[in-house]
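Input: a single structure, listed below in structure tokens.
The values are calculated or read from the model by the stated rules, or taken from the named source; none is laboratory data. All of these numbers come straight from a predicted model, not from anything done at the bench. Every residue, glycine as well, gets a Cβ built from its backbone with ideal geometry; the counts of neighbours run over all protein chains shown. SASA here: full protein model, heavy atoms, side chains in, ligands and nucleic acids out. Shrake-Rupley method; radii C 1.70, N 1.55, O 1.52, S 1.80 Å.
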Amino acid sequence: MTITVITCTYNAATVLAGTLASVREQSYDDVEHVIVDGASSDDTMAMVEQYRQSEHRHGIVVVSEKDGGLYYAMNKGIGLATGKYLVFLNAGDKLYGPDTLKQLAAKAADGEYGVIYGDTELVDDNGHSLGMRRLRPPEVLTWRSFSNGMLVCHQAFYANTEIAKRVAYNTDYRFSADVDWCIRIMKTAEAENLSNLNTHMTLCRFLEGGMTAKNHRASLMERFNVMHRHYGLIKTIYKHITFFFR
């Protein structure tokens, strides 16, 4: 079972090395690493090229060209993916350990799932642990779960690739298209009678302080609109009131 890891980059040379190393070090052989770069002007592509030349165990696909932004790059990555499941591991983020994909594949080997998911550890710019993510994955995940917030970090959300190729990121959103995409992936999986698999594993180390955190107010407004679309206005207002006291 091939797993596709998609890494989107733009002028990411200062944080990319750890991400590439975490994929290179995987003990699982059936890994496809798709790297989508937005025509970086720093040393990002030099690092990627060195990685491509030195890594012969995992398949590596690289494209570097100008695009419309992160979610355009993510859609491009989905289009290039050939694995059974795919996950986004962007510059600065890391797989939790060298056996992460091997253990995940073993848990998923006997079934067909819409989403495979797990937990997330937060890290700072120096890779030091900040503890586990405050929002934790539920025992049973459905699209309705995200009415309580994004309970599964994007980097711990492995989507069925066949479904993902039919569910593109909505590029009208600037900061919260990942929330909308995850919900629509799970809605589609449910419609096709596919369950979601809880690995009960910590799957990734997520670099705190990304694009959404730096644009917090705009992100909150978009998230409200996403939730309104999927869960209705009354429930969305009620949930946001409870978020305030959480």
Among residues of the range 189-213 being outside any strand (DSSP E or B) and open to solvent by 70 Å² or more (accessible area, probe 1.4 Å), the residue modelled with the lowest pLDDT is MET211
Considering residues of the range 113-139 that are of a type outside the set (A, V, I, L, M, F, W, C) and open to solvent by 90 Å² or more (accessible area, probe 1.4 Å) only, the residue nearest to LEU194 (Cα to Cα) = GLU139
Quick one: is ALA164 in contact (Cβ under 8 Å) with a residue 60 or more places away in the chain, buried (at least 20 other Cβ atoms within 10 Å of the Cβ) and farther than 25 Å from ILE237 by Cβ?
-> yes
So which residues in the range 11-36 are closer than 12 Å to VAL48 by Cβ and in contact (Cβ under 8 Å) with a residue 40 or more places away in the chain, if there are any at all?
-> ALA12, LEU16, THR19, VAL23, VAL34, VAL36
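Among the listed residues ARG229, ARG184, ARG134, which satisfies the condition of being at pLDDT 95 or above and either part of a helix (DSSP H, G or I) or charged (D, E, K, R) (or both)?
On the way: ARG229 fails: at pLDDT 95 or above; ARG134 fails: at pLDDT 95 or above.
When all the criteria are applied, what remains is ARG184.
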Give the number of residues within the range 20-51 that are polar (S, T, N, Q) and in contact with a strand residue (DSSP E or B) (Cβ under 6 Å, 6 or more places away or on another chain).
-> 2
